[in-house]
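The values are calculated or read from the model by the stated rules, or taken from the named source; none is laboratory data. Values in this document were obtained by computation on a predicted structure and should not be read as measured data. Backbone-built Cβ (ideal geometry, glycine too); neighbour counts: all protein chains shown.
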Amino acid sequence: MGGIDDLDVAGAPSAPTPAEESPSVLGPVSPEREVSTESEIAAERSADDILELIFTPTPRASPAEQAERTLRRPKALVYVAMSNRTFFWRQQLTKFVLDEGRVPITPFMMFDYYLLHTVPKELVREAMNNLIARCEEMWVFGSLSLGLKVQVGIAKRMRKPVRYFDISDLPYRVVGVPESIVPDER
């Protein structure tokens with residue numbers, strides 16, 4: 001076995017003959033070995049099937065498969081709204097939205113704090129309002145500043161669902177709350 005005679009015409013190894021095949025994990029069946037009963041074969045086969053499932057690595061989706069999955073089941077875009085006093089939680093809140101199965105649109109991740117004042121605030125606000133228009137939902141985190149109230153008003157006029165979250169226990173947890181108990185920023 002393994003010599004030049006084991007190669008087929010194309011140069012690939014030839015298929016083993018039935019006598020060389022191994023029907024079980026224990027090796028080839030010898031003529032002296034007794035044939036197993038049907039229930040033993042079924043039990044062995046199902047155990048092998050189970051082991052195969054356990055030890056076979058799960059293939060990662062190719063980029064094309066990932067794109068196809070995304071096109072078939074797109075996730076909702078969520079505008080992540082927060083006050084500039086809590087913008088330091090932007091990464092944790094972005095992670096929270098991702099963990100909830102949505103795609104976060106976090107202006108403080110894109111524009112930092114008004115692009116560190118390198119562009120006019122009005123230009124950044126206009127970009128944020130465009131993002132609100134493109135998102136399916138708005139999630140509001142923490143207390144309401146004047147700017148945040150305006151963003152919520154824009155979302156409501158566009159009939160977007162708005163959800164509110166208490167972030168006073170961050171980094172440990174984020175809790176959904178009704179709008180009526182969300183405090184105004186001081």
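Key figures
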{"read-out": "The range 89-115: number of residues that are farther than 19 Å from I154 by Cα and modelled with pLDDT of 90 or more", "value": "15"}
{"read-out": "Residues located in the range 91-110, provided they are buried (at least 20 other Cβ atoms within 10 Å of the Cβ), assigned to a helix (DSSP H, G or I) and out of contact with any Pro (no Cβ under 7 Å at 6 or more places or on another chain)", "value": "L93, F96, P107, F108"}
{"read-out": "Where a residue in the range 114-135 is in contact (Cβ under 8 Å) with a residue 40 or more places away in the chain and its partner, wherever it lies, is part of a helix (DSSP H, G or I) and surrounded by 12 or more Cβ atoms within 10 Å (Cβ to Cβ), with Cβ under 7 Å and at least six apart", "value": "L131/P107; I132/Q151; I132/I154; I132/A155"}
{"read-out": "Number of positions in the range 111-128 that are part of a helix (DSSP H, G or I) and surrounded by 13 or more Cβ atoms within 10 Å (Cβ to Cβ)", "value": "6"}
{"read-out": "Selection from the range 129-151 of residues that are of a type in the set (G, A, S) and in a helix (DSSP H, G or I)", "value": "A133, G147"}
{"read-out": "Condition check for K160: surrounded by 13 or more Cβ atoms within 10 Å (Cβ to Cβ) and over 19 Å from the mean Cα position of the chain (by Cα)", "value": "yes"}
